[in-house]
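Structure first, then comments.
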Amino acid sequence: MDQRPGRNTTRAAAVILLTLGCLYVLRPFLAAILFAAAVVISSWPLYLRLRLRMRGRRTLAALTMTLTLTLLVVIPLALVAWNLADNAAAAFDELRRLGAGDLHPPPWIRGLPLVGEQLATYLDELLASRDRMMDLARRLAEPARHYLVAGGIVLGTGVVQMALAAFVSFFFYRDGEALKAVIDGAVRRIMNEEAGAVMDTVANTVRGVMYGLLGTALAQALVAAIGFAIAGVPAVLLLSVLVFVSSLIPVGPPVIWGGAAVWLFAQGSTGWGIFMLVWGFFGISSVDNVVRPMLISHGSSLPFLLTLLGVLGGVIAFGFVGLFIGPTLLAVGYSLMSGWTHTRNPIVKQDGEGT
């Protein structure tokens, strides 16, 4: 009697259990590992060129790439977390100082169409009554504290995850070719002749999505920083990083530059407020339509729904780095499903054609 089917089943069960056990052990570090893998795959051609210039010294080239990642991502993120704490404390001090004085709503509120008169009257009554102000402050204090603490935890966790991802990326760079050989062998055992196409699809999709996400976010943040600095908006670094993060969410940056424009109007700087609106609409938000197609040479953006679900689900599942991991994982899955069902793949372009 042939024992091979039973032996193969036992071997497959053992492999599955071993894989699940490894994933369980690595679960606390899974987000950092996935992010490091996405960054390394995206920057692998750059690493190869750097290693060639360093005469094949893998360790030195990997260390250089890791330090670059730390300088460009981890340190700025840590500085922003520190800056956010300082600005939050300063904001509460400013609110406390204003609460002790004679407050009136800014004149521009009364000029708002339809609701301006009613809103200005309500604010006049609210600011004239210290008891009503204190009652409103008490009702808003707890939710505000909750969101500030939650945001601080997410940002602090993001700094730790980024630092761990930078550490892991060093070994991925240095030993990347050996790891790729192992993964290629495993995929070939599972998928046979389709293994090469699957690996190419995954690599191209990861590069396309990461280039699109990070490149567009960075470009929008730089353009926003220039606009904030010209208009005299405070906390330029913090707001620019918020634009960087919010650019990963559809229709995110207008919330930031729109808020900056409202602040300028409230300060009586009508001209600068109009400038901020024009700069935000034609400068910051237009970057997405210009830069993203230029950066993504092998793929296009995910559909709107998958992008939104990828960002939100990624944050819930992985924390801050889930902003990048979520859309990337969905893009890879979407590409593979398109290939397996023999439908036209909207993520990986063929022969340089767009979708």
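The values are calculated or read from the model by the stated rules, or taken from the named source; none is laboratory data. Being a predicted model, the structure only gives us computed values, none of them experimental. No Cβ is skipped: glycine too gets one built from the backbone with ideal geometry, and neighbour counts run over all protein chains shown. We work out accessible area using only protein heavy atoms, side chains counted, and drop any ligands, DNA or RNA first. Shrake-Rupley method; radii C 1.70, N 1.55, O 1.52, S 1.80 Å.
What is the local net charge at ILE183, summed over the other residues whose Cβ is closer than 14 Å to its Cβ (Lys, Arg +1; Asp, Glu -1)? Taking every other residue near ILE183 into account, the sum is -1. Using the Cβ-Cβ distance between LEU71 and THR9 with R0 set to 56 Å, the FRET efficiency from 1/(1 + (r/R0)^6) comes to roughly 0.65.
How much length would be gained if the chain were fully extended between ILE190 and LEU119, taking 0.36 nm per residue of separation minus their Cα-Cα distance, in nm to one decimal?
Working: separation 71, 0.36 × 71 = 25.56 nm, distance 6.50 nm.
Working it through step by step, the gained length comes to 19.1 nm.
Using a probe of 1.4 Å, the accessible surface attributed to LEU222 totals some 100 Å² when neighbouring protein chains are kept in position. By a 1.4 Å probe calculation restricted to protein chains, THR9 has an accessible surface near 90 Å², given to the nearest 10.
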